[in-house]
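Engineer: Provided herewith is a single structure, encoded as structure tokens, for subsequent inquiry.
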Amino acid sequence: MSRETVDLMIDGGQAKASAAIAQPLSAFKINIQDVVNKINEKTSSFNGMKVPVQVTIETEDKTFDLKVGTPPISELIKKEIGIEKGSGIPDKNKVGNLAVEQIVKLAKMKQDSLLFNNFKSAVKSVIGSCNSLGVLVEGKPAKEINIEINSGNYDSIINNQKTEVSEEKKNILAMQLKEVQERIKKEMEKAEAEKKAEEAKAKKLVTEAEKVVEEAVAEKKEGAEVKATAEKVEAKEEKPVKEAKAEKKK
């Protein structure tokens, strides 16, 4: 019997017989709802996450089999933190803080697809994805925590692939996140205040420059008026003289 495969990306545990699923499968004349039900059954543990699913179809008897992959690393990170989406401005808005143990857990889930020669590199790859979502690790951005990882600070956790995080550490992570968020907020408020001050300063300089120009124009206008008046006065004074000279010639 011949086989055909169809690759889908579905919402774990929430797949529906929508066009995105029905359209690529309809050509094989299999029961779409049966496929959807099976997908939801097999992806229930990934509820709410995007999950890759490969459907293999026996074209003659219309039977099918499913191979469920693991969700993209970004989906696993969001699930681990408990957020629906990452930060829109990851360098300024931090939405989570994970322990290295949690990074190890995620790296183990995606180890086969990350394609790295050693597990530490896989861990650092996950940390890079965290950075893109605005997620800290041990209260630090990727650049800083990776320096510590390269220095061997977390070798015990990584080499032993520890994944458990104590409640005490979870509380510390929450406090670290809050401190970072407050620090960034203050920095942004300071930057905004400085920006407004610079704008006000620039506006003041423009106003002063306009005032100088207006005064110069006014002075020039006034000078022109004085000159015109003087010329008129001079003309009036010269008129009798000219008339007297003309009379004398007569």
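Engineer: Is one or more of the residues making up region 176-199 farther than 30 Å from Gly86 by Cα and among the small types (Gly, Ala, Ser)? It would help to see each step written out before you state the result.
Structural biologist: Of the residues in region 176-199, the ones farther than 30 Å from Gly86 by Cα are 197-199.
Restricting the remaining residues to those that are among the small types (Gly, Ala, Ser) gives 197.
Checking region 176-199: at least one residue is farther than 30 Å from Gly86 by Cα and among the small types (Gly, Ala, Ser).
Engineer: Out of all the residues in region 113-143, which are closer than 23 Å to Asp91 by Cα and among the basic types (Lys, Arg)?
Structural biologist: Those that are closer than 23 Å to Asp91 by Cα and among the basic types (Lys, Arg): Lys124, Lys140, Lys143.
Engineer: Could you list all residues from region 123-143 that are part of a strand (DSSP E or B) and in contact with a Gly (Cβ under 6 Å, 6 or more places away or on another chain)? Spell out the reasoning first.
Structural biologist: In the first step, residues of region 123-143 are kept if they are part of a strand (DSSP E or B); the result is 135-137, 140.
The one that is part of a strand (DSSP E or B) and in contact with a Gly (Cβ under 6 Å, 6 or more places away or on another chain): Val135.
Engineer: Where in region 1-102 are the helices (runs of 4 or more DSSP H), entirely inside, with at least 2 residues that are of a type outside the set (Phe, Trp, Tyr), assigned by TED's automatic domain parsing to the domain that holds Ile149 and within 30 Å of Asn153 (Cβ to Cβ)? Steps first, answer last, please.
Structural biologist: Working: elements: 19-26, 32-42, 73-81.
In region 1-102, 73-81 are the helices (runs of 4 or more DSSP H) which contain 2 or more residues that are of a type outside the set (Phe, Trp, Tyr), assigned by TED's automatic domain parsing to the domain that holds Ile149 and within 30 Å of Asn153 (Cβ to Cβ).
Engineer: All but one of (1) in contact (Cβ under 8 Å) with a residue 12 or more places away in the chain; (2) more than 21 Å from Gly134 (Cβ to Cβ) hold for Ser26; state the number of the condition that does not hold.
Structural biologist: (1)
Engineer: Another question, then. If the requirement is being among the polar types (S, T, N, Q) and over 19 Å from the mean Cα position of the chain (by Cα), which of these qualifies: Asn153, Asn131?
Structural biologist: Asn153
Engineer: Kindly indicate the residue of region 79-100 that is small (Gly, Ala, Ser) and either out of contact with any strand residue (DSSP E or B) (no Cβ under 9 Å at 6 or more places or on another chain) or surrounded by fewer than 18 Cβ atoms within 10 Å (Cβ to Cβ) (or both) and also nearest to Ser44 (Cα to Cα) among those meeting that condition.
Structural biologist: Keep residues of region 79-100 that are small (Gly, Ala, Ser), which gives 82, 86-88, 96, 99.
Those still in the list that are either out of contact with any strand residue (DSSP E or B) (no Cβ under 9 Å at 6 or more places or on another chain) or surrounded by fewer than 18 Cβ atoms within 10 Å (Cβ to Cβ) (or both) too: 82, 87-88.
On the way: Gly82: 17, Ser87: 26, Gly88: 28 Å.
It comes out as Gly82.
Engineer: Right, another one. For Ser74, work out the one condition from (1) more than 30 Å from Asp34 (Cα to Cα); (2) crowded, with 17+ Cβ neighbours inside 10 Å it doesn't fulfil.
Structural biologist: Single failed check for Ser74: (1).
The values are calculated or read from the model by the stated rules, or taken from the named source; none is laboratory data. It should be emphasised that the depicted structure is a prediction, and the values quoted were computed from it without experimental measurement. FYI the Cβ positions are ideal-geometry reconstructions off the backbone, even for glycines, and counts take in every protein chain you see.
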